[in-house]
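S.K.: Right, I'll just put the structure down here and ask away after.
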Amino acid sequence: MSLPLSIFIIAKNEVDRIGPTLESVRGLSDDIVVIDSGSTDGTQELAEGLGARVIFNPWPGYGLQKQFGEDQCRHDWMLNVDADEVVTPELADAIRTVFSQPDLAPCGYETDIIEMFPGEARPHPWAFRLSPVRFYHKTVGRYSASPVHDRVDIVKGTPIKRLVGVIEHRSIRSLGHELIKLNAYADMQANDLDRKGRNISALRLVVEFPLAFLKAYVTRRHFVRGLYGFMTAMNYAFYRYLRLAKHWERRLGR
């Protein structure tokens, strides 16, 4: 049975990944919205065939695109899922349990998002995870307008609870695809640094790569994923360095 819940997804050229995403939430809502920013691979047709309402919106940046998605939702309760994420049955059941409460009040719910690498059929037990608010009532939260960060800004004093279950995040198609994606993200972050007028020191440029590698390989536990974990940590470190290098290069020419 559908819940009084809207689910919104931003997408571009995700025909190979958005199918499992939509299948994982079909029974939760009668209002699944895909905000497409110009796919050319059949993403829109696939999404519509799986029951989603597809709306085109030119790409304005991550936070702004998700704000646009919020504005298209018909219900007051909203769940945001990315096109490379899958809601597990345990999480779907937890959301249903929330709506079974007779005195459900507006609040936000944190949800574990666990990263998965190509070839993994299930999440590694030590895989890195984040716990952002993804399920919330529209009166207590809204995505920030940041072009590079996509977080829900919650009204001060709003209760934040946690959901059982996880979202499985399959962001990496391949190492090459990851580098293309991270290079584009580095451009956006360099633009954001430009707008903020930040000054990056030469020392920061030198130490950024090794420190970022340690962050991914050790703190985010990529070391438990073998050689592939080492390679993804290298990609992450290069991206973190590249965003600063691009910003520094632009300021050098001024």
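S.K.: How tilted is helix 202-214 with respect to the longest principal axis of the chain? Cα atoms for both, answer in degrees (0 to 90, nearest 10).
M.R.: On a 0 to 90 degree scale, this one is about 50.
S.K.: Related question: Quick one: if you stick a label point 7 Å off each Cα along the C-beta vector at Asp103 and Arg26, how many nm between them?
M.R.: Once both label points are built, they end up 3.8 nm from each other.
S.K.: Now for a different question. Would you please classify the overall shape of region 30-139 from the alpha carbon gyration tensor, given that a ≥ b ≥ c denote the square roots of the eigenvalues, rounded means a/c under 1.5, and beyond that prolate means a/b larger than b/c while oblate covers the rest?
M.R.: oblate
S.K.: Let me ask you something else. Report, ordered by chain and residue number, the lysines lying within cross-link reach of Lys246, taken as a straight Cα distance under 28 Å and ignoring same-chain residues fewer than 8 apart.
M.R.: Lys12, Lys66, Lys181, Lys196, Lys215
S.K.: Across the chain, how large is the tail of the calculated P(r) beyond 25 Å, expressed as a percent of all Cα pairs?
M.R.: Of all Cα-Cα pairs in the chain, 48 percent lie more than 25 Å apart.
S.K.: I want the antiparallel fraction of DSSP beta bridges within region 3-169, as a percent rounded to 5.
M.R.: Taking every DSSP beta bridge within region 3-169, about 40 percent pair in antiparallel fashion.
S.K.: Also, I was wondering about something else. I want the local charge near Ile95. Using Cβ-Cβ distances under 15 Å, sum +1 for each Lys or Arg and -1 for each Asp or Glu among the other residues.
M.R.: -3
S.K.: Over the residues of region 150-254, compute the C-alpha Rg and express it relative to 2.2 N^0.38 Å.
M.R.: For region 150-254, the normalised Cα radius of gyration is 1.30.
S.K.: Length gain on complete extension for the stretch Arg96 to Leu205, per 0.36 nm per residue less the alpha carbon to alpha carbon distance? Don't skip to the end; give the middle numbers.
M.R.: Numbers: separation 109, 0.36 × 109 = 39.24 nm, distance 4.77 nm.
Between Arg96 and Leu205, full extension yields 34.5 nm more.
S.K.: Here's a follow-up. Using the charge dipole of the chain (Lys, Arg: +1 at Cβ; Asp, Glu: -1 at Cβ; taken about the Cα centre), state which of Gln72, Val155, Thr219 has its Cα farthest towards the positive end.
M.R.: Thr219
S.K.: What aspartates and glutamates does Lys138 reach when the alpha-carbon gap must be under 14 Å and sequence neighbours fewer than 8 apart in one chain are set aside?
M.R.: Straight-line reach from Lys138, under 14 Å: Glu70, Asp71, Asp76, Asp153.
Read-outs: derived from the displayed coordinates by stated rules, not from any lab. Keep in mind that this is a model prediction, so the values were computed, not measured. Counting neighbours? That spans all protein chains shown, and the Cβs are built from the backbone with ideal geometry, glycine included.
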